[in-house]
1. Mind putting a number on the dipole of the chain about its Cα centre? Charges go on the C-beta only, +1 for Lys and Arg and -1 for Asp and Glu, and I need it in Debye to the nearest 20.
2. Compute the relative contact order of the stretch 150-228 as a whole-number percentage, counting only Cα pairs closer than 8 Å that sit 6 or more residues apart in sequence.
3. Could you calculate the contour length gain from residue 154 to residue 33, that is, 0.36 nm times the residue separation minus the distance between their Cα atoms, to one decimal place in nm?
4. Keeping every protein chain present and rolling a 1.4 Å probe, give me the accessible area per residue for the chain in Å².
5. Taking 22 Å as R0, compute the FRET efficiency from the Cβ-Cβ separation of residue 83 and residue 233 and round it to 0.05.
6. Please compute the net charge surrounding residue 75, taking Lys and Arg as +1 and Asp and Glu as -1 over other residues with Cβ under 14 Å from its Cβ.
7. By the gyration tensor of its Cα atoms, with a ≥ b ≥ c the square roots of the eigenvalues, what is the shape of the stretch 7-50: rounded for a/c under 1.5, prolate for a/b over b/c, or oblate?
8. Summarise the accessible area of the chain (1.4 Å probe, protein heavy atoms) by the percent that is carbon and sulfur.
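The values are calculated or read from the model by the stated rules, or taken from the named source; none is laboratory data. Just so we're clear, the structure is a prediction, and the values are computed from it rather than from any experiment. Heads up, the Cβs are rebuilt from the backbone with ideal geometry, glycines too, and the neighbour counts pull from every protein chain shown. Calculation scope for accessible area: heavy atoms of the full protein, side chains included, ligands and nucleic acids excluded. Shrake-Rupley method; radii C 1.70, N 1.55, O 1.52, S 1.80 Å.
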Amino acid sequence: MLVGCSHGTDDHDGRAAIRSILAGVAALRGDLDVREAFVDVQTPEVADVVADAVAGGAPAVVVPLLLSVGFHVKVDVQAAVDVPGARAAAPLGPDPTLVEILVDRLDEAGLTADDAVVLAAAGSTDPAAALAVQEVARRLADALGRHVGPPDERGGGLVVGYGAGASPRVPEAVELVRAGSGRRVVVASYLLAPGYFLDRVREAGADVVAAPLAPDPRLAHLALRRFEEALAASA
């Protein structure tokens with residue numbers, strides 16, 4: 001059984017976007033029991049889904065539909081799989097697939113070589129999460145032919161901004177890249193789906209905000225890869 005565990009949201013479009021990932025997994029693997037679970041806001045809770053699975057004799061792999069490690073991965077998910085027959089996969093990020101989607105979202109948003117880019121992430125107080133976002137920033141900058149940092153004589157640059165838990169916050173990052181350059185600021189939304197954080201990003205003062213990662217069929221392939229990696233690691 002694959003248990004796709006996301007944060008949970010009250011946003012209708014956000015729920016549909018997350019659901020599309022699991023629908024894609026089910027379409028790719030018709031033989032696989034795919035279930036949805038959450039760590040907050042929505043039900044069923046991940047611990048309950050895992051408990052039901054293992055009670056029925058089915059091994060369960062929880063795939064965090066989250067972009068980095070952090071409290072929910074290290075505490076909520078780990079507590080849920082602390083039973084015989086259950087294990088946790090790695091979160092979706094960082095991964096080159098996510099960078100590919102970010103590049104496509106920026107292209108869809110009309111990014112030009114003269115624009116400054118802010119990579120907007122949800123943020124976490126966990127240092128490992130910040131390192132993961134910085135890795136994505138470096139890979140995205142390379143893919144776009146940019147440098148990580150504010151605009152300068154080399155071009156538009158790319159700066160990371162966070163919604164919470166780390167700094168600079170997204171509005172500060174937008175102001176940083178705009179100050180003294182007069183460049184248009186385009187935000188790459190390193191967010192899985194619409195919801196609270198995307199709403200805050202849209203209020204941060206950027207000229208353009210690209211769409212979040214989901215829905216995208218590549219995310220189902222990535223989630224299934226995380227599932228298979230977890231099975232291989234436990235074999």
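1. Values: 20 positive and 32 negative charges, 66 e Å.
In total the dipole reaches around 320 debye.
2. Numbers: 88 pairs, mean separation 18.3, N = 79.
Relative CO of the stretch 150-228 lands at 23 percent.
3. Working: separation 121, 0.36 × 121 = 43.56 nm, distance 5.02 nm.
Extra length from residue 154 to residue 33 when fully extended: 38.5 nm.
4. Values: 10370 Å² over 235 residues.
About 44 Å² of surface per residue is accessible.
5. On the way: r = 18 Å, r/R0 = 0.81.
After rounding to 0.05, the efficiency reads 0.80.
6. On the way: positive: 74; negative: 40, 45, 76, 82, 126.
After counting each charged neighbour, the total is -4.
7. Values: a/c = 4.05, a/b = 1.31, b/c = 3.10.
Here the stretch 7-50 falls in the oblate category.
8. Values: 5430 of 10370 Å².
C and S fraction of accessible area: 52 percent.
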